[in-house]
Amino acid sequence: MTLQQSSDLAADHNAHIASAIAKFFRRIIPMLAVMLIVNQIDRANIGFVKAELQADAGISAAAFGFGAGLFFIGYALFEVPSNVMLKKLGARIWLTRIMITWGIVVVMTGFVSTPLHFYVLRFLLGVAEAGFFPGVLFYFRQWVPNAWRGRATAMVLSATASAFLFSGPLTGAILMLHDVNGLAGWKWVMFLEGGGSIIIGLLAAFVLVSKPQDAKWLNAAEQQALKQQLALEEAARDVQAKEYGRWGLLRDRNLLFYCLIFFTMTMTGYTLVFWLPQIIQRIQGYNSFEIGLLTAIPWLCAIVALFVLGKTTDRYRDKLDKGLGIAMLIAACGTFMATLGSPWFGFFAMIVACIGSKVSAAFFWPMPQSELPASIAAPGIALINSIGNLGGFFAPTVFGYLELHTGSTTGGLYALTSVSVITGVGLLLRRKPVPPAFGHKERNHVRHTSH
């Protein structure tokens with residue numbers, strides 16, 4: 001669709017799009033949210049069963065750490081191929097395939113009896129899960145126009161943050177089944193949580209719809225309006241694709257820029273997950289259950305911030321990089337403040353850091369979703385997520401090294417603060433090309449759905 005054709009859209013074009021997106025949000029987003037929550041629970045459960053698994057399978061601390069890290073290697077290697085397949089086969093088939101296969105691997109982990117079994121299954125879990133989160137983002141490219149993509153992204157990011165509220169209590173409750181039917185508690189965790197993933201994956205196959213034209217719950221006018229708007233935006237993004245070609249674009253410096261930024265963001269996110277329980281455990285007078293409730297508070301605050309800022313990212317799409325820079329500076333302030341004062345002051349600082357970290361993701365992901373040409377959107381988003389997730393392997397390693405040699409976590413937090421400050425300031429000073437000239441139409445969409 002050309003720019004000239006865009007002026008010939010029906011007068012009720014915006015109303016049909018608003019109606020179609022409202023239905024998508026009601027029917028599809030809840031299922032994606034559940035899938036992402038289960039994904040995070042299955043990824044994190046290995047930390048809760050560490051002691052029992054090590055004792056039963058004879059896995060040393062070093063072997064456990066190496067095996068846990070193998071997840072990220074498998075994840076990184078197969079991220080891009082997975083999203084290429086998603087584009088080819090469609091979201092309904094590929095996202096449900098990912099969920100069912102990772103559930104099978106989690107169930108198989110319940111049979112681990114040697115370090116080698118552990119290594120192989122952790123690597124396979126990364127392979128099975130590769131492409132899931134970027135696949136969800138690419139799914140939005142096929143359904144959600146730019147004017148609503150910030151809200152959709154904020155909703156799924158809220159789901160990943162919500163997983164931290166459920167994972168501890170759920171896994172802890174399952175561990176209490178220890179010796180039921182002669183099975184260790186950690187085996188019950190793998191069997192039940194992995195089995196749950198398989199069941200939800202099968203249910204998702206009946207809920208997800210790959211493209212608007214396949215949705216029976218949209219009327220013909222809604223399908224046509226949504227198809228026209230998405231085609232219009234795709235044509236604008238692909239103007240530059242004619243100049244560089246598919247693989248040339250994968251070497252484009254803007255894509256590398258996104259990879260670097262997300263790597264920095266992931267370092268902050270995983271370090272918070274790693275360090276937050278430690279600072280809360282310094283607070284005296286609370287039992288383990290109460291400590292668990294305190295741990296949930298920073299993530300609850302982050303979820304509230306994501307919902308509040310969801311529409312903001314849509315209204316000010318031309319300033320997303322500035323918003324991202326400010327959010328990263330907020331996260332940096334939180335990590336720096338955590339090195340000062342009492343445990344309660346550190347707890348407040350972690351709330352600030354968690355808000356900054358999660359809000360950063362809400363500002364970040366609409367940028368590559370909106371700006372990458374359609375020809376490389378699937379592999380490009382996957383590459384960003386793949387390289388960025390290596391920050392989850394790098395940050396705890398460096399953090400632990402500094403703690404080992406300095407005797408405290410302060411050095412690691414200072415290093416993390418410095419990286420976030422440099423990245424945030426760089427984003428505030430960044431100059432970027434003017435985006436495609438659809439801003440007035442998209443603002444009309446936002447106004448139409450904001451009341």
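So, of the residues in the stretch 424-442 that are open to solvent by less than 20 Å² (accessible area, probe 1.4 Å) and closer than 17 Å to Met328 by Cα, which turns out to be modelled with the highest pLDDT?
Among those that are open to solvent by less than 20 Å² (accessible area, probe 1.4 Å) and closer than 17 Å to Met328 by Cα, it is Gly424.
Looking only at the stretch 357-369, decide whether some residue is at pLDDT 65 or above, in a helix (DSSP H, G or I), charged (D, E, K, R) and surrounded by 21 or more Cβ atoms within 10 Å (Cβ to Cβ). I'd like the intermediate steps shown before the answer.
Here is the first cut: in the stretch 357-369, the ones at pLDDT 65 or above are 357-369.
Narrowing the set further to residues that are in a helix (DSSP H, G or I) leaves 357-364, 366-369.
Narrowing the set further to residues that are charged (D, E, K, R) leaves 358.
In the following step, the residues that additionally are surrounded by 21 or more Cβ atoms within 10 Å (Cβ to Cβ) were identified as 358.
Within the stretch 357-369, one or more residues are at pLDDT 65 or above, in a helix (DSSP H, G or I), charged (D, E, K, R) and surrounded by 21 or more Cβ atoms within 10 Å (Cβ to Cβ).
Among the residues of the stretch 1-43, what is the count of those that are surrounded by fewer than 16 Cβ atoms within 10 Å (Cβ to Cβ), at pLDDT below 85 and not charged (D, E, K, R)?
Looking only at that region, the number is 7.
Could you grab me the full set of residues in the stretch 72-93 that are open to solvent by 40 Å² or more (accessible area, probe 1.4 Å) and within 19 Å of Asp214 (Cβ to Cβ)?
Within the stretch 72-93, Met85, Lys87, Lys88, Leu89, Arg92, Ile93 qualify.
Show the residue pairs meeting these rules: Cβ distance below 7 Å; 6+ apart or different chains; first residue within the stretch 19-39 and of a type in the set (Gly, Ala, Ser); second residue open to solvent by less than 30 Å² (accessible area, probe 1.4 Å).
Short answer, once both residue conditions are applied: Ser19/Glu222; Ala20/Pro212; Ala20/Leu218; Ala20/Glu222; Ala20/Ala225; Ala20/Leu226; Ala33/Val156; Ala33/Ala159.
Can you tell me which residues in the stretch 44-69 are outside any helix (DSSP H, G or I) and buried (at least 20 other Cβ atoms within 10 Å of the Cβ)?
Keep residues of the stretch 44-69 that are outside any helix (DSSP H, G or I), which gives 49, 58-60.
Within the stretch 44-69, Val49, Ile59 meet the criteria.
Among the residues of the stretch 111-124, is any of a type in the set (S, T, N, Q) and modelled with pLDDT of 90 or more?
Looking only at the stretch 111-124, we keep the residues that are of a type in the set (S, T, N, Q), and these are 113-114.
Among the residues that remain, those that are also modelled with pLDDT of 90 or more are: none.
So far as the stretch 111-124 goes, no, none of its residues is of a type in the set (S, T, N, Q) and modelled with pLDDT of 90 or more.
Are there any pairs with C-beta distances below 6 angstrom linking a residue in the stretch 249-272 that is part of a helix (DSSP H, G or I) to a residue that is modelled with pLDDT under 75 and open to solvent by less than 50 Å² (accessible area, probe 1.4 Å), with the two at least 6 apart or on different chains, and if so which?
Final answer for the pair search is Leu249/Ile376; Thr266/Gly392; Met267/Ala395; Tyr270/Gly392; Tyr270/Ala395; Thr271/Ala395; Thr271/Phe399.
Take the stretch 166-191 and flag every residue that is modelled with pLDDT of 85 or more, surrounded by fewer than 16 Cβ atoms within 10 Å (Cβ to Cβ) and part of a helix (DSSP H, G or I).
Val180, Asn181, Gly182, listed by residue number.
Please enumerate the residues belonging to the stretch 334-365 that are more than 23 Å from Ala159 (Cα to Cα) and without any contact (Cβ under 8 Å) to a residue 60 or more places away in the chain.
Across the stretch 334-365, the qualifying residues are Met337, Leu340, Gly341, Ser342, Phe345.
Out of Gly126, Gly182, Gly172, Gly150, report the one residue that is without any contact (Cβ under 8 Å) to a residue 12 or more places away in the chain and of a type outside the set (A, V, I, L, M). Write out each step before concluding.
Working: Gly126 fails: without any contact (Cβ under 8 Å) to a residue 12 or more places away in the chain; Gly172 fails: without any contact (Cβ under 8 Å) to a residue 12 or more places away in the chain; Gly150 fails: without any contact (Cβ under 8 Å) to a residue 12 or more places away in the chain.
Answer to the selection: Gly182.
So Trp217 fits all but one of (1) at pLDDT 90 or above; (2) within 24 Å of Trp102 (Cα to Cα); what number is the exception?
So Trp217 meets the others, but not (2).
Regarding Gly194, is this residue modelled with pLDDT under 85, part of a helix (DSSP H, G or I) and either in contact with a Leu (Cβ under 8 Å, 6 or more places away or on another chain) or surrounded by 21 or more Cβ atoms within 10 Å (Cβ to Cβ) (or both)? First the steps, then the outcome.
Working: modelled with pLDDT under 85: no; part of a helix (DSSP H, G or I): yes; either in contact with a Leu (Cβ under 8 Å, 6 or more places away or on another chain) or surrounded by 21 or more Cβ atoms within 10 Å (Cβ to Cβ) (or both): yes.
When the stated conditions are applied, Gly194 does not pass them.
Given (1) in a helix (DSSP H, G or I); (2) crowded, with 23+ Cβ neighbours inside 10 Å; (3) among the aliphatic types (A, V, I, L, M), where does Val144 come up short, assuming only one miss?
(1)
Might you let me know whether the stretch 117-134 holds any residue that is of a type outside the set (D, E, K, R), more than 19 Å from Asn389 (Cβ to Cβ), out of contact with any Lys or Arg (no Cβ under 9 Å at 6 or more places or on another chain) and open to solvent by less than 40 Å² (accessible area, probe 1.4 Å)?
The answer is yes, given that some residue of the stretch 117-134 is of a type outside the set (D, E, K, R), more than 19 Å from Asn389 (Cβ to Cβ), out of contact with any Lys or Arg (no Cβ under 9 Å at 6 or more places or on another chain) and open to solvent by less than 40 Å² (accessible area, probe 1.4 Å).
If Arg97 satisfies all but one of (1) surrounded by fewer than 21 Cβ atoms within 10 Å (Cβ to Cβ); (2) more than 19 Å from Leu202 (Cα to Cα); (3) of a type in the set (Lys, Arg), what's the number of the condition it fails?
Going through the list (1) surrounded by fewer than 21 Cβ atoms within 10 Å (Cβ to Cβ); (2) more than 19 Å from Leu202 (Cα to Cα); (3) of a type in the set (Lys, Arg), Arg97 breaks only (2).
The values are calculated or read from the model by the stated rules, or taken from the named source; none is laboratory data. Because the structure is predicted, anything quoted here is derived from the model rather than measured. Counting neighbours? That spans all protein chains shown, and the Cβs are built from the backbone with ideal geometry, glycine included. Surface areas here come from the heavy atoms of the whole protein model, side chains and all, with no ligands, DNA or RNA. Shrake-Rupley method; radii C 1.70, N 1.55, O 1.52, S 1.80 Å.
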